[in-house]
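Novice: Can you read through this structure? Questions will come right after.
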Amino acid sequence: MPEHGLAEAVSLAGALPNLEMTGAEVVRLPKLHPGMLFGSGKVAELGARMSALRVDLVLVDGPVSPVQQRNLEKEWGVKLLDRTGLILEIFADRARTREGVLQVELAALSYQRTRLVRAWTHLERQRGGFGFVGGPGETQIEADRRAIDDQVIRLKRQLDRVVKTRELHRAARRKVPFPVVALVGYTNAGKSTLFNRMTGADVLAKDMLFATLDPTMRGVVLPSGRKVIASDTVGFISDLPTQLVAAFRATLEEVLEADLILHVRDISHPESAEQAADVADILASLKVNPSVPMFEVWNKLDQVEGSERAALMQQAENRSGVYPVSALTGEGIDGLLAAVSQAFDEEKSRRDLHLGFAEGKRRAFLHDEGVVESEEMDETGWNIAVQWTARQESRFRAL
């Protein structure tokens with residue numbers, strides 16, 4: 001419904017710091033006008049209201065062409081941001097890791113390369129957004145496409161170096177290969193609150209869209225004693241611009257390598273099903289292996305009451321792989337963690353191994369995985385009896 005879309009747009013706007021909202025409404029368009037987006041009557045009506053309210057910035061929750069943006073800014077005497085520009089501003093404000101900052105800059109250049117009516121002074125800025133909202137970006141200057149292309153090449157080189165460093169870290173982690181449990185979901189579904197509840201970490205968890213941008217990873221000891229790595233990721237959102245999906249693919253690499261995916265849903269949201277469909281579409285676009293098991297975590301159960309709550313609990317009971325929880329109160333968390341434990345309790349087989357003294361790393365792997373049943377040392381090495389899963393065996397053979 002348009003009203004739900006408007007509520008999400010208002011939440012997006014609220015995610016920008018130092019922004020005071022003066023109003024929001026759904027504007028129904030019989031047709032799109034290529035020059036001004038709106039018809040002349042609506043442009044005049046909106047302009048008069050903005051002037052009375054002394055509005056400085058207008059947010060349009062949808063695509064606005066460079067020509068439309070230029071004409072509306074000139075007509076209304078305001079700054080104008082479309083949905084993509086707003087999301088980029090939020091990302092710029094939230095990025096903390098080096099990779100996150102570079103990905104945001106690259107996405108912004110991809111977005112703005114065709115928007116020659118905009119300012120390019122943000123290329124020299126180090127932090128704090130891109131000047132879409134204000135500051136040095138206020139001045140309208142001619143864009144130098146060659147300079148932009150040079151900047152893109154420079155950013156991609158830096159990003160390649162950062163990604164290679166992360167690949168080294170991942171390679172090191174594979175040598176002590178704890179399973180990865182990735183939390184994914186629509187933005188503001190409560191992933192970071194659940195992550196904190198599971199891991200005891202203190203990740204930024206706010207009732208705000210895109211509160212988490214860079215992936216965060218922490219170790220978790222499950223009830224069975226097994227160690228896993230939990231990964232919190234950036235929230236997904238409907239109509240995510242294609243250049244952002246591409247630019248943040250590296251940020252979501254942990255999802256691509258996950259052994260188990262927890263799809264966290266805000267089950268109290270009126271459009272929870274539509275949000276879940278958007279998440280599924282983005283996971284498909286990222287080419288996540290469909291064979292990776294996925295649990296649905298129906299979060300924010302504390303915000304659902306009465307018959308609606310009873311109906312949800314019944315639905316969850318009738319479906320496999322669905323776990324209603326409240327990350328805020330802790331309700332249902334024990335059951336979820338037990339299910340995660342069980343997911344990794346695969347069928348085990350017994351093997352007798354002999355490792356030479358030079359194979360200390362392989363021996364350490366077996367002890368870290370907790371698969372050693374008995375061990376004896378002789379003059380050439382260790383005789384070890386193990387009880388392991390097929391996955392653990394294949395990882396051991398790969399060492």
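Novice: Restricting to segment 368-392, what's the tally of residues that are at pLDDT 85 or above, charged (D, E, K, R) and in contact with a strand residue (DSSP E or B) (Cβ under 9 Å, 6 or more places away or on another chain)?
Specialist: So the answer is 4.
Novice: Residue check, S268 against (1) outside any helix (DSSP H, G or I); (2) in contact (Cβ under 8 Å) with a residue 40 or more places away in the chain; (3) closer than 23 Å to F195 by Cα, all met but one. Which one?
Specialist: All conditions pass for S268, except number (2).
Novice: Right, another one. Go through segment 1-48 and count every residue that is assigned to a helix (DSSP H, G or I), exposed (fewer than 14 other Cβ atoms within 10 Å of the Cβ) and charged (D, E, K, R).
Specialist: 2
Novice: Run G100 past the list (1) in a helix (DSSP H, G or I); (2) closer than 23 Å to V10 by Cβ and report the number of the one that doesn't hold.
Specialist: (2)
Novice: Of the residues T233, T251, which is assigned by TED's automatic domain parsing to the domain that holds Y186, touching a Gly at 6+ places or on another chain (Cβ under 7 Å), hydroxyl-bearing (S, T, Y) and at pLDDT below 90?
Specialist: T251
Novice: With L59, L72 as the choices, which residue is at pLDDT 85 or above and either in the same structural domain as A273 (by TED's automatic domain parsing) or part of a strand (DSSP E or B) (or both)?
Specialist: Being at pLDDT 85 or above and either in the same structural domain as A273 (by TED's automatic domain parsing) or part of a strand (DSSP E or B) (or both) holds for just one of L59, L72, which is L59.
Novice: Further question: Those residues that are β-branched (V, I, T) and either over 19 Å from G185 (Cα atoms) or in contact with an Asp or Glu (Cβ under 8 Å, 6 or more places away or on another chain) (or both), I need them from segment 318-349; list them, please.
Specialist: If the condition is that a residue be β-branched (V, I, T) and either over 19 Å from G185 (Cα atoms) or in contact with an Asp or Glu (Cβ under 8 Å, 6 or more places away or on another chain) (or both), then V322, V325, T329 are the ones that fit.
Novice: Scan segment 372-390 residue by residue and report those that are of a type in the set (G, A, S) and surrounded by 14 or more Cβ atoms within 10 Å (Cβ to Cβ).
Specialist: Answer for segment 372-390, where residues must be of a type in the set (G, A, S) and surrounded by 14 or more Cβ atoms within 10 Å (Cβ to Cβ): G381, A385.
Novice: Is segment 286-300 home to any residue that is in contact with an Asp or Glu (Cβ under 9 Å, 6 or more places away or on another chain), more than 16 Å from L336 (Cβ to Cβ), at pLDDT 90 or above and not in a strand (DSSP E or B)?
Specialist: no
Novice: Restricting attention to strands (runs of 3 or more DSSP E) lying wholly within segment 306-399, give those where 1 or more residues are without any contact (Cβ under 8 Å) to a residue 12 or more places away in the chain and over 21 Å from V181 (Cα atoms).
Specialist: The qualifying strands (runs of 3 or more DSSP E) are 372-377.
Novice: Turning to a different aspect of this structure: What is the number of the single condition among (1) surrounded by fewer than 17 Cβ atoms within 10 Å (Cβ to Cβ); (2) modelled with pLDDT of 85 or more that V325 does not meet?
Specialist: For V325, the exception is condition (1).
Novice: Could I ask something else about it? Being surrounded by 15 or more Cβ atoms within 10 Å (Cβ to Cβ), under 23 Å from L57 (Cβ atoms), at pLDDT 85 or above and not small (G, A, S): is that true of V78 here?
Specialist: yes
Novice: Which of the following residues is touching a helix residue (DSSP H, G or I) at 6+ places or on another chain (Cβ under 6 Å), surrounded by 11 or more Cβ atoms within 10 Å (Cβ to Cβ) and not assigned by TED's automatic domain parsing to the domain that holds A189: E369, E393?
Specialist: Criteria check complete, one pass: E369.
The values are calculated or read from the model by the stated rules, or taken from the named source; none is laboratory data. Just so we're clear, the structure is a prediction, and the values are computed from it rather than from any experiment. Note that we place each Cβ from the backbone using ideal geometry, even for glycine, and neighbour counts take in every protein chain shown.
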